[in-house]
Structures are given as C-alpha cells and as structure tokens.
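Shown next, in structure tokens, is the structure this report addresses.
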Protein chains: 2
Amino acid sequence: MIATIAIDSAACPVHIGPELLEGVRDFIDAELSDVDRILLIADGRVLEHHGARLRGFVGVPVHVLPSGEVAKSLRQLELALAACADEGLSRSSVIVSLGGGATSDLAGLTASLFKRGLRVVHIATSLLAQVDASIGGKTAINLPAGKNLAGTFHAPTAIFADTSILRTVSPLDWRAGLGEVVKTALIAGEAQLAFVEQNVDAILERDLDVVADLVRRCVEAKGAVVTEDPFEEGPRRVLNLGHTFAHAIEFAAGYTGIAHGVAVACGIGLALEAAQEIDLLEDADLPKRVNRLFGRLGLPRTILELRSPMRPLAPSVLMRAFEHDKKGRFGEPRFVLPKAVGRFDLSVKLDGELLEHLLR
Amino acid sequence: MIATIAIDSAACPVHIGPELLEGVRDFIDAELSDVDRILLIADGRVLEHHGARLRGFVGVPVHVLPSGEVAKSLRQLELALAACADEGLSRSSVIVSLGGGATSDLAGLTASLFKRGLRVVHIATSLLAQVDASIGGKTAINLPAGKNLAGTFHAPTAIFADTSILRTVSPLDWRAGLGEVVKTALIAGEAQLAFVEQNVDAILERDLDVVADLVRRCVEAKGAVVTEDPFEEGPRRVLNLGHTFAHAIEFAAGYTGIAHGVAVACGIGLALEAAQEIDLLEDADLPKRVNRLFGRLGLPRTILELRSPMRPLAPSVLMRAFEHDKKGRFGEPRFVLPKAVGRFDLSVKLDGELLEHLLR
C-alpha cells in the first residue's frame with residue numbers, strides 16, 4: 001500500500017490512494033470551512049456498497065441517481081436541481097458526487113447551474129472517473145440527438161480517487177477504465193505507454209500500488225493538457241482521441257450495453273486505422289502495438305467485436321451520430337488522429353467513403 | 001433621432017439607436033465571419049410584430065418562445081436545446097435572441113449549454129432588456145422553488161438595443177422597464193438620478209433621443225459594475241437592489257400578472273423603508289424623492305398597490321420565497337439596502353419581525 005498522494009491538477013487538488021472515503025468529511029470541514037450545507041449526489045449502487053464508509057455523512061441529505069449513462073438526462077438534471085432547492089442549498093453549499101463518470105457529469109452540471117454555481121467535490125469510484133471523467137471540469141447530459149450535447153465547464157473544488165474501491169469494480173467497468181488509460185498513455189507519450197505495457201499483469205490483478213501510480217500518471221497527464229486549454233479551444237481536443245467514433249458507437253447502442261471506455265478503445269483502433277489509410281501515421285508499428293495491448297487488457301480491437309444481431313451498430317446510424325461531433329461544423333466531424341505516440345493531428349476531415357469503409 | 005451609439009460594455013459591444021433590427025444580419029456577416037449557422041430564438045409576439053424587419057433572416061430557422069416569464073422553464077430549455085440539435089448548430093454557430101429579458105435569459109442559457117457553449121447575440125426589444133437584462137451575461141430559468149434558481153454566466157457577443165421598437169411596447173412593459181431604470185440611476189449616482197427626474201416627461205412620451213441617451217447611461221452604469229465583478233462575488237451584488245423583495249413578489253404571484261420591473265420598483269420602496277427602519281439611511285429625503293419619482297412614472301410605491309383579492313401576496317408566502325435568496329445561506333436572505341444615492345450596504349440581514357412588518 002502506498003500513502004495518499006495529493007496532487008494539484010488543473011487547479012484542483014486530486015487525492016489518490018487507498019481508503020480515502022473515510023476522510024472526505026474531514027477534508028470538507030478543514031479546507032472548506034465556510035460550507036453551510038452538503039448534498040451528496042450518489043450512484044445508487046455505489047452508495048449501497050460504499051456509503052457506510054463516508055464517515056461523518058450521517059444526516060447529510062442524499063440524492064440518488066440511477067447507475068450508468070441513464071443518469072445523464074434532462075429529467076435527472078431536473079430532479080437533482082429540485083433536490084438542491086429542497087435541501088436549501090446556497091452558494092456557500094457544496095455538492096459531493098459519489099460514483100463514476102456519469103455521476104460526476106450530472107452532479108457537476110447540477111452544481112454549475114444551481115444558483116449559477118456551487119462548489120462540487122467528486123468522489124470518483126470507477127477507474128474511468130479517476131483517470132479521466134472527474135478531471136478537467138467538463139459536465140454534460142445527453143440529448144436525443146447525441147452524447148454530451150449539453151453541458152458546462154465547471155472545475156471541481158477537490159477530487160478523491162479512492163483506489164481501494166477499485167478492487168470492487170466489475171470486470172467490465174475495470175476494462176472500460178483501461179480504455180481511457182491507454183488513451184491517456186498514447187497522449188502522454190512513450191514513457192507512460194511503456195509503463196502500462198510493462199505493468200499489464202499488475203494492472204489486471206489490480207495491484208493497488210501500481211494502480212495508484214497509474215491513476216496519478218493519468219491525472220497529471222490530463223491535468224497538464226486541461227491547464228493549458230481549459231475551455232477546449234485548441235490543444236485540449238487531443239483528449240478526444242477515439243471519442244468521435246466512441247460517441248457514435250454509444251449513441252447507436254442507445255447508451256446501454258457498451259461502456260464508454262470500451263467504446264473509446266474501439267474508437268482508438270478506428271482512429272489508428274484511419275490514420276493509416278490516409279498516410280498520416282508515421283509510426284507504422286503503432287496499430288499492432290496498441291492492438292496487442294488492447295488484447296492483453298481485454299479491450300475490443302475492432303468494431304466487429306461490439307456488434308451482435310441485437311446491436312447491429314449500423315454504419316448509417318453511426319454516420320448520423322457523427323453529424324453532431326462537437327469539434328466540427330454540423331455534418332463535418334473532425335477527428336483526432338495519431339501520427340505517433342504523443343503526436344496527433346487534432347482536426348482531420350475524413351471523407352464519407354473512407355468512414356463507411358472503416359465502420360463496416 | 002440620434003445616430004447609432006456603439007459602446008463597449010462588459011467586453012461586449014452594445015448597439016443603441018433607432019432602426020437597428022435591419023442591420024443585425026449585416027453585423028453578423030461582417031463581424032462574425034466564421035459563423036456557419038444561425039438560430040433565431042424569438043418571443044412569438046415580438047416575432048409577429050417585428051420579425052419582418054430582420055433583413056437577411058429569410059431562411060434562418062426560428063425557435064419560438066411563449067411571451068413572458070413562462071419561457072423560463074426547464075421544459076422550454078429542453079425544446080430550445082432540441083431545436084439547436086435539429087438545426088445542426090455547431091460551436092461555430094450563433095444564437096440570436098429576439099425579445100425581452102425572459103427571452104434573453106432562456107436563449108442565453110441555451111447558448112451556454114449546447115455543445116458547452118455557442119455565441120449568442122441579443123436583440124433586446126423591451127426597455128427592461130435594453131437597460132438591464134441583456135447586459136452582464138446572466139442567464140436563468142425558474143425552478144418550482146424560486147425565480148432564477150438555475151442558470152449560468154455567459155457573456156453575449158453583441159447586443160442590439162433598437163430604440164424605435166420601444167415605441168410599440170405596451171404601457172405596462174414600459175413602466176416595468178422604468179423600474180430597472182430607477183434602480184440603475186440610484187446605483188449610478190446623483191447625476192443619473194437627476195437625469196431621470198429632469199426627463200420624466202420626455203421619457204413618458206418616449207422621446208427617442210432621450211430614450212437612447214437613457215439606455216446608453218444605464219448600459220454604461222451596469223457595464224461598469226459587471227466588468228468589475230463578472231461572477232457576482234462582491235460589488236455586483238449592488239445590482240440586486242430591490243430584487244430580493246421583487247423575486248419574492250413574483251414568486252408569490254406565480255410569475256404572472258406582475259412584471260419584473262414593477263416588482264423591482266416595489267422592492268426598492270421596501271428596501272428604502274427597511275433602511276429607514278434600521279437607521280441605515282443617511283439621506284433622510286431619499287424615500288420621499290424616490291416615491292415622488294415612482295408616482296410620476298406610474299410605478300407602485302407600496303406593496304398594497306400590487307395586492308388584490310385574487311393576488312393576496314401573503315407575507316407567509318413572501319417569507320418562504322426569501323429562503324432561496326441567492327446572496328445568503330438558506331433561510332438567511334441578504335438584502336441590498338441604500339444609505340444614500342450611490343451608496344449601499346450589500347449584505348444586510350433583516351430580522352423576521354421587521355420583514356413581516358414591512359410586508360404587511
């Protein structure tokens with residue numbers, strides 16, 4: 001076991017280490033001494049399994065969200081805002097989120113809107129939320145037309161990444177988090193990608209020392225990108241590697257059955273293939289290398305692995321989802337494609353024929 | 001007639017003058033040359049009367065809002081976001097709002113949320129929107145628990161205050177706007193208050209030269225406050241003069257029948273009375289002076305003038321509405337009270353007994 005690491009990333013302290021849940025209340029009382037009220041917004045399933053570990057939260061009101069992406073609806077936003085009003089939150093209050101990326105997205109949006117902005121503290125309980133979703137202040141809900149189409153930038157006041165909780169995460173959610181881990185490693189550069197490759201066994205065993213080190217590396221890498229460009233006006237777009245494909249896949253799957261990180265892994269595979277097809281790729285071995293890593297981590301290497309008769313992920317539906325890619329104009333999606341580890345083209349236009357070929 | 005005045009206020013150009021509607025499209029084409037699509041979000045009644053004046057808007061999609069405060073609901077936000085998606089807006093698009101304060105509040109919130117932020121241009125068509133609501137970037141919807149309880153800060157890209165349109169505003173809406181005019185004058189200082197007093201007749205006749213001058217003065221005064229404190233962390237609170245009372249009155253009236261600016265006038269009267277009661281007031285003649293001005297402008301001088309058997313504005317309901325005052329903790333509203341023209345205490349706690357006395 002390693003001790004807690006507290007790092008500053010994107011102007012927000014991120015606490016990483018085992019058994020942190022117990023200390024969240026102490027942190028709030030000590031560091032945010034002007035807080036008048038707390039509202040816990042929690043994934044119901046996480047709350048059931050880990051809520052008792054939140055020392056000092058007896059009597060704190062709880063607003064429960066459904067597990068997973070279904071939490072990111074306008075209806076859930078309405079219920080969460082009503083809870084803020086019912087519990088008498090003021091601008092001196094703090095919302096504490098407990099859950100994965102969907103929870104922090106919805107709780108963060110609620111915090112940014114109620115009375116035009118309360119503080120939010122994220123307790124990230126999934127690997128994906130710890131390495132990616134909780135960092136950087138993006139909040140969102142989904143609209144019928146596409147994923148994350150409405151949201152804000154609202155930096156959290158603190159983030160807690162309790163690594164011991166990761167022991168209890170389902171194998172599927174674990175794999176999903178690894179999709180974002182590989183994405184972040186590809187962006188951070190050779191050293192981080194090599195770290196992941198060299199520690200695959202320890203990662204799969206969820207060795208908490210290695211996992212804490214991994215989370216820290218991801219937080220630092222993403223934090224550096226976000227600090228440079230908090231509102232995604234330029235360089236931050238690199239974090240969307242694989243995401244235009246991933247959002248389309250999740251949209252086509254009706255936001256159920258395919259975890260975000262798994263879709264991201266598939267999206268990275270597609271981005272590598274696209275880069276190869278248009279001769280952008282300079283490191284010709286990269287697709288094979290990433291492919292091998294995905295295989296060892298249990299992540300999909302092609303879209304075929306995600307398809308089933310019940311989930312056809314039809315190219316026509318995927319193409320439609322691209323229309324609302326936030327990086328481009330309507331109907332002109334822009335893709336982040338890799339040239340090599342750590343080097344990307346952030347705004348590639350791909351023609352329709354190539355896209356349909358890739359998605360077949 | 002005076003020519004168009006273009007002033008920079010809170011980092012946003014505000015165009016003030018007669019017959020500006022015709023030039024909005026030219027402005028967008030010239031100044032925002034990267035815009036890919038435009039969505040007009042318009043108050044249906046204003047659109048009907050003035051839409052034809054929007055030269056170059058043929059073929060621009062329109063999303064229609066109901067007139068007045070009812071536009072500021074989560075349901076209307078949902079419909080507006082869906083319109084953004086349906087019309088294929090991207091981050092390069094611009095939303096143009098056409099209407100009063102409720103329209104710019106809802107359109108501004110929609111713009112700040114869709115794809116995490118599009119540009120918005122406000123065409124402010126009511127006096128209240130021209131002198132106050134469109135300036136400063138606050139957006140909001142109402143929640144069942146209270147007025148403006150969910151929203152963002154999202155600065156517009158440009159504001160058009162077409163003064164000729166003010167000739168067509170209903171007498172009630174005109175008076176409502178004058179409530180915010182007096183508020184701004186009290187904040188701006190003696191010169192501006194004297195300007196209003198000296199020009200009452202011209203204002204009531206809607207002399208467009210005087211009105212344009214009045215709008216400019218208000219925009220400059222509010223713009224200066226907002227520029228100093230864009231996120232209302234301190235000095236901007238002064239703009240809430242009369243508003244804690246006003247929001248409670250509007251809440252108690254079910255957001256119908258009492259225009260915001262009329263409620264603000266009543267709120268200013270109550271703030272003056274409160275300041276007198278707690279010996280905060282240094283300028284003992286101020287209540288009488290404001291009272292006289294309100295009388296000449298056709299604005300209410302006491303809450304009794306707003307009460308009717310169908311609209312009792314019961315003290316108990318008003319007291320409940322205070323609980324969610326955004327300047328204080330829950331149940332501890334903070335009032336902006338005047339000491340003299342241009343001088344205020346921004347965070348006064350009033351005890352329950354005094355409040356009930358004032359509201360009787």
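The values are calculated or read from the model by the stated rules, or taken from the named source; none is laboratory data. Computed from a predicted model, the values in this text were never measured in an experiment. Cβ placement follows ideal geometry from the backbone for every residue including glycine, while neighbour counts extend to all protein chains displayed.
So the values come out like this:
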{"item": "Members of region A:332-359 that are under 17 Å from A:Ala252 (Cβ atoms), within 12 Å of chain B (Cβ to nearest Cβ) and either out of contact with any Phe, Trp or Tyr (no Cβ under 8 Å at 6 or more places or on another chain) or loosely packed, with under 15 Cβ neighbours inside 10 Å (or both)", "result": "none"}
{"item": "Test for B:Asp173: is it farther than 29 Å from A:Leu89 by Cβ, in contact with a Gly (Cβ under 8 Å, 6 or more places away or on another chain) and among the charged types (D, E, K, R)", "result": "yes"}
{"item": "Selection status of B:Phe153, modelled with pLDDT of 95 or more and surrounded by fewer than 24 Cβ atoms within 10 Å (Cβ to Cβ)", "result": "yes"}
{"item": "When residues of region A:116-128 are limited to those that are more than 14 Å from every other protein chain (Cβ to nearest Cβ) and without any contact (Cβ under 8 Å) to a residue 40 or more places away in the chain, the one surrounded by the fewest Cβ atoms within 10 Å (Cβ to Cβ)", "result": "A:Val120"}
{"item": "Some residue of region A:247-257 being part of a helix (DSSP H, G or I), over 18 Å from the mean Cα position of the chain (by Cα) and among the small types (Gly, Ala, Ser)", "result": "yes"}
{"item": "Residue count, region A:188-220 (criterion: within 19 Å of A:Lys339 (Cα to Cα) and either outside the structural domain of A:Phe294 (by TED's automatic domain parsing) or surrounded by 21 or more Cβ atoms within 10 Å (Cβ to Cβ) (or both))", "result": "3"}
{"item": "Selection within region B:258-269 - among the aliphatic types (A, V, I, L, M) and outside any loop (DSSP other than H, G, I, E, B)", "result": "B:Val262, B:Ala263, B:Val264, B:Ala265, B:Ile268"}
{"item": "Residue within region A:345-356 that is under 28 Å from B:Ser92 (Cα atoms), in contact (Cβ under 8 Å) with a residue 40 or more places away in the chain and assigned to a loop (DSSP other than H, G, I, E, B) present", "result": "yes"}
{"item": "Unmet requirement for A:Ala185, which otherwise passes all of (1) in the same structural domain as A:Leu241 (by TED's automatic domain parsing); (2) surrounded by fewer than 23 Cβ atoms within 10 Å (Cβ to Cβ)", "result": "(2)"}
{"item": "Cβ pairs under 7 Å, 6+ apart, first in region A:19-32 and in the same structural domain as A:Thr163 (by TED's automatic domain parsing) and touching a residue at least 12 places away in the same chain (Cβ under 8 Å), second of a type outside the set (A, V, I, L, M, F, W, C) and in a helix (DSSP H, G or I)", "result": "A:Glu19/A:Ser164; A:Leu21/A:His50; A:Leu21/A:Arg53; A:Glu22/A:Arg53"}
{"item": "Some residue of region B:331-338 being small (Gly, Ala, Ser), without any contact (Cβ under 8 Å) to a residue 40 or more places away in the chain and part of a loop (DSSP other than H, G, I, E, B)", "result": "yes"}
{"item": "Unique match (being within 13 Å of another protein chain (Cβ to nearest Cβ), crowded, with 24+ Cβ neighbours inside 10 Å and without any contact (Cβ under 8 Å) to a residue 40 or more places away in the chain) among B:Leu109, B:Leu113, B:Leu89", "result": "B:Leu113"}
{"item": "Strands (runs of 3 or more DSSP E) lying entirely in region B:135-211 (those with 3 or more residues that are within 14 Å of chain A (Cβ to nearest Cβ))", "result": "B:141-143, B:146-150"}
{"item": "Set A:Ala80, A:Ala42, A:Ala11: member being hydrophobic (A, V, I, L, M, F, W, C), within 21 Å of A:Gly137 (Cα to Cα), in the same structural domain as A:Val131 (by TED's automatic domain parsing) and surrounded by fewer than 16 Cβ atoms within 10 Å (Cβ to Cβ)", "result": "A:Ala11"}
{"item": "Residue count, region B:316-360 (criterion: of a type in the set (Gly, Ala, Ser) and either under 22 Å from B:Ile187 (Cβ atoms) or in contact with a Cys (Cβ under 7 Å, 6 or more places away or on another chain) (or both))", "result": "4"}
{"item": "Per-region count, region B:220-241, residues in a helix (DSSP H, G or I) and within 23 Å of B:Leu270 (Cβ to Cβ)", "result": "9"}
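Condition check ((1) closer than 21 Å to B:Val200 by Cα; (2) in contact with a Gly (Cβ under 9 Å, 6 or more places away or on another chain)) across all residues:
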{"site": "B:Ala221", "(1), (2)": "yes, yes"}
{"site": "B:Ile258", "(1), (2)": "no, no"}
{"site": "B:Ala263", "(1), (2)": "yes, yes"}
{"site": "B:Glu273", "(1), (2)": "no, no"}
{"site": "B:Lys288", "(1), (2)": "yes, no"}
